[in-house]
Amino acid sequence: MEFKIKYFKDYVPFHVGDEHHPIELNPRECPAVESEEAEVRRALENPIDSPKLREIVHPGEKIVIVTSDVTRPMPSWVVVPCVLDELEKAGVEDKDVTVVFGLGSHRKQTEEEMKRLVGEDVYNRVKCIDSDPDDVEHMGYCKNGTPVDIFRTVADADRRILLGNVEYHYFAGYSGGMKAIMPGVSSRAAIQANHKNMISPDSYAGHLEGNPVRDDIEEVYDFCPVDFIVNVALDDHKKIAFAAAGHHVTAHREACKFLDSIYKIKIDKPADVVIVSTGGYPKDINLYQAQKSIDNVKHAVREGGIMVLAASCKEGYGSDVFGRWIQQYDTPDERIAAIHEHFELGGHKSAALALVQKKCDIYMVTDMDDAMVTKANMTPFHDLQEAVDAALNRMGKDCSVYVVPIGGSTLPMED
């Protein structure tokens, strides 16, 4: 059978013999919405397990709207104006509203970036600021000892409204919901303590109940309550396909359910060989970005199988800390042991990669230097067909094959 998958900005063909009965795993078609704005307004008019936002807030209250920073695909320029309209209907004045960009552990943003995120009208209308992980109020500890340290502006507000996009997250299960607070507007110590739970076998993409990372995130509500959320799920063009508003957990779960209806693909059992593309540029610009696709499709490959990853990674490892961890440790076991001993953001992705490598070998078709690929404990190739043939020959004439053209957003899983 003939296939084509995206590699950087081009499609690359390859073939798999019919005797392998290869199966292509693709997301389902997203239903069309009238418009992105109309979908957000529909959600605001029909909140889940909550009164309407205009019935919750009151004039004179200090209100914060927490939304994502420039590293996330959240279309705040669509959602924030709709939320401000709701606040205006309740008689809230613009001077009492602050938009906070949850930086987590990311760098501060430029004024131009903030303007682009919410639109110039909103930027000129209400106060817009970055969170500061060094300016926090300590509000308590979660059951497992994670400190609840919240950016002071958010901690001191009378009302908290969270915005976010919902996509698969390789150890929190999904983005969105209370994740805007933890890690969005939390201290570095709190983020590190929460992220240490990533090494639990219950911390993986598409998994919520009993996931210790997500449990931590949602327990923060007990210390820093949230009044309302608006979460959106995006299509492959990063446009809003679905919006859910209201309760901080149940509205989030509705958005997760929608995401699953499009991107979670049921498989009967893992295959011997999985051939995956990130979906191309920019998801394969570096290994730090491509790691998400590796993690998404790990459930589709059997123990002892082979994953063939097509990812250009023209910019190499893509993160100084991630690269340092790969250079510093020689084996997956060493990286996993190290993250147990001293958690470091950036290093955590090298440990996540190592956990997949404990399950299967990775053949990487890439523009990266061979030595860099080998140091990351993968086998380098520069021709996709050559890599596919090598994997099939090694796994045998009767081996089973999945092809995942958009690994960055597809989640293949057994029931």
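The values are calculated or read from the model by the stated rules, or taken from the named source; none is laboratory data. Keep in mind that this is a model prediction, so the values were computed, not measured. No Cβ is skipped: glycine too gets one built from the backbone with ideal geometry, and neighbour counts run over all protein chains shown. Side chains included, ligands, DNA and RNA excluded: accessible areas come from the protein's heavy atoms. Shrake-Rupley method; radii C 1.70, N 1.55, O 1.52, S 1.80 Å.
Return, for the Cα atoms of the chain, the radius of gyration and Dmax in Å, separated by a comma.
Every Cα atom of the chain included, Rg and Dmax give 21.9, 71 Å.
For segment 200-253, which trypsin sites (Lys or Arg not before Pro) pass both filters: DSSP loop (anything but H, G, I, E, B) and at most 13 other C-beta atoms within 10 Å?
Taking segment 200-253 and a limit of 13 other Cβ atoms within 10 Å, the loop trypsin sites (Lys or Arg not before Pro) found are Lys238.
Pop out the ³J(HN,Hα) list for segment 151-162 in order, Karplus 6.51 cos²θ - 1.76 cosθ + 1.60 with θ = phi - 60°, rounded to Hz; leave Gly and Pro as x.
Rounded to whole hertz, the list is 3, 4, 4, 6, 4, 8, 6, 7, 9, 10, 10, 10.
Take the Cα radius of gyration of segment 163-219 and divide it by 2.2 N^0.38 Å, with N its residue count; two decimals is plenty.
For segment 163-219, the normalised Cα radius of gyration comes out at 0.99.
Just read off the accessible area of His348 with the full protein assembly in place, 1.4 Å probe, to the nearest 10 Å².
10 Å²
Out of every Cα pair in segment 144-239, what percent are spaced more than 18 Å from each other?
Values: 2048 of 4560 pairs.
Considering segment 144-239, 45 percent of its Cα-Cα pairs are separated by more than 18 Å.
Based on the Cα atoms of segment 312-415, what semi-axes does the equivalent ellipsoid have, where each is the square root of 5 times one gyration tensor eigenvalue, given in whole Å with the largest first? Could the numbers behind the result be given before it?
Details: eigenvalues 128, 58, 38 Å².
Semi-axes (√(5λ), whole Å): 25, 17, 14.
Using +1 on the beta carbon of Lys and Arg, -1 on that of Asp and Glu, and nothing else charged, what's the dipole of segment 228-352 about the Cα centre, debye to 20?
Details: 15 positive and 16 negative charges, 100 e Å.
That gives a dipole near 480 debye.
Run the numbers on segment 1-107 and let me know its relative contact order in percent, using alpha-carbon pairs under 8 Å that are six or more apart. Don't skip to the end; give the middle numbers.
Numbers: 89 pairs, mean separation 25.8, N = 107.
For segment 1-107, the relative contact order is 24 percent.
May I have the convex hull volume per residue, in Å³, for the Cα set of segment 99-190?
Working: hull volume 10.5 nm³, N = 92.
Residue-normalised Cα hull volume stands at 115 Å³.
Ignoring everything but the protein chains, give the 1.4 Å probe accessible area of Asp333 in square angstrom, nearest 10.
Surface open to solvent at Asp333 totals about 90 Å².
For Arg116 and Glu37 in the same chain, what is the full-extension length gain: residue separation times 0.36 nm, less their Cα-Cα distance, in nm?
Values: separation 79, 0.36 × 79 = 28.44 nm, distance 1.70 nm.
My answer for the length gained is 26.7 nm.
Give the cross-link partners of Lys314 among the lysines, using a straight C-alpha distance below 17 Å as the criterion and excluding same-chain residues fewer than 8 apart.
Answer for Lys314, where 17 Å is the Cα cut-off: Lys6, Lys9, Lys283, Lys292, Lys375, listed by chain and number.
Could you tell me how many cubic angstrom of Cα convex hull volume segment 229-291 has per residue?
Values: hull volume 8.0 nm³, N = 63.
Normalising the Cα hull of segment 229-291 by residue number yields 128 Å³.
Hey, what's the per residue convex hull volume over the C-alpha atoms of segment 177-326, in cubic angstrom? Display every interim value, and only then the final one.
On the way: hull volume 21.6 nm³, N = 150.
Taking the convex hull of the Cα positions in segment 177-326, it is 144 Å³ per residue.
Have a look at the DSSP beta bridges in the chain and tell me what percent are antiparallel, nearest 5.
Values: 20 of 63 bridges.
Here the antiparallel bridges make up roughly 30 percent for the chain.
Straight-line reach from Lys115: which aspartates and glutamates fall under 15 Å, measuring Cα to Cα and dropping same-chain residues less than 8 apart?
Partners within reach: Asp69, Asp130.
State the percentage of accessible surface on segment 78-119 attributable to carbon and sulfur atoms; use a 1.4 Å probe and exclude ligands, DNA and RNA. Please list the in-between numbers first.
Values: 840 of 1780 Å².
Roughly 47 percent of what the probe reaches on segment 78-119 is carbon or sulfur.
Taking a probe of 1.4 Å, how large is the accessible area per residue of the chain, in Å²? If you can, show how the numbers build up before the last one.
Working: 16810 Å² over 415 residues.
Result: 40 Å² of accessible area for each residue.
So what are the ³J(HN,Hα) numbers for segment 20-28, from phi and the Karplus equation (6.51, -1.76, 1.60; θ = phi - 60°), rounded to whole Hz, Gly and Pro as x?
In residue order, the calculated couplings are 8, 6, x, 10, 8, 10, 10, x, 7 Hz.
Considering only Cα-Cα distances, which of the following residue pairs are longer than 29 Å: Lys127/Lys239; Lys238/Lys397; Lys4/Lys238; Lys108/Lys264? Don't jump to the answer; show the numbers that get you there.
Details: Lys127/Lys239 26 Å; Lys238/Lys397 40 Å; Lys4/Lys238 22 Å; Lys108/Lys264 34 Å.
The pairs that break the limit, which is 29 Å between Cα atoms, are Lys238/Lys397; Lys108/Lys264.
From the protein chains alone at 1.4 Å, what is the descending order of accessible area for Cys30, Cys360, largest first? Kindly include the intermediate steps, with their values, before the conclusion.
Details: Cys30 35, Cys360 5 Å².
The ordering from most to least exposed comes out as Cys30, Cys360.
Sorted from largest to smallest, which semi-axis lengths in Å does the alpha carbon gyration tensor of segment 28-125 give for its equivalent ellipsoid, taking the root of 5 times each eigenvalue?
One finds semi-axes of 22, 21, 12 Å for segment 28-125.
Counting only residues 5 or more places away or on other chains, whose amide H sits under 5 Å from the amide H of Ile275 once H atoms are built in the peptide plane?
Val308, Tyr402, Val403, Val404
Among Leu234, Ala251, Ser261, which residue has its Cα furthest toward the positive end of the charge dipole of segment 231-275, with +1 on Lys/Arg Cβ and -1 on Asp/Glu Cβ?
Farthest towards the positive pole: Ala251.
In the structure displayed, which of Lys62/Lys95; Lys62/Lys143; Lys89/Lys179; Lys62/Lys179; Lys196/Lys349; Lys62/Lys89 lie more than 18 Å apart, Cα to Cα? Could you put the intermediate results ahead of the total?
On the way: Lys62/Lys95 9 Å; Lys62/Lys143 29 Å; Lys89/Lys179 28 Å; Lys62/Lys179 21 Å; Lys196/Lys349 12 Å; Lys62/Lys89 16 Å.
Too far apart for the 18 Å limit: Lys62/Lys143; Lys89/Lys179; Lys62/Lys179.
Sort Thr250, Thr110, Thr146 by accessible area with a 1.4 Å probe, largest first.
Largest accessible area first, the residues go Thr110, Thr250, Thr146.
Among Val83, Thr278, Leu384, whose Cα lies farthest out toward the positive end of the dipole of the chain, if unit charges sit on the beta carbon of Lys, Arg (+1) and Asp, Glu (-1)?
So the residue we want is Leu384.
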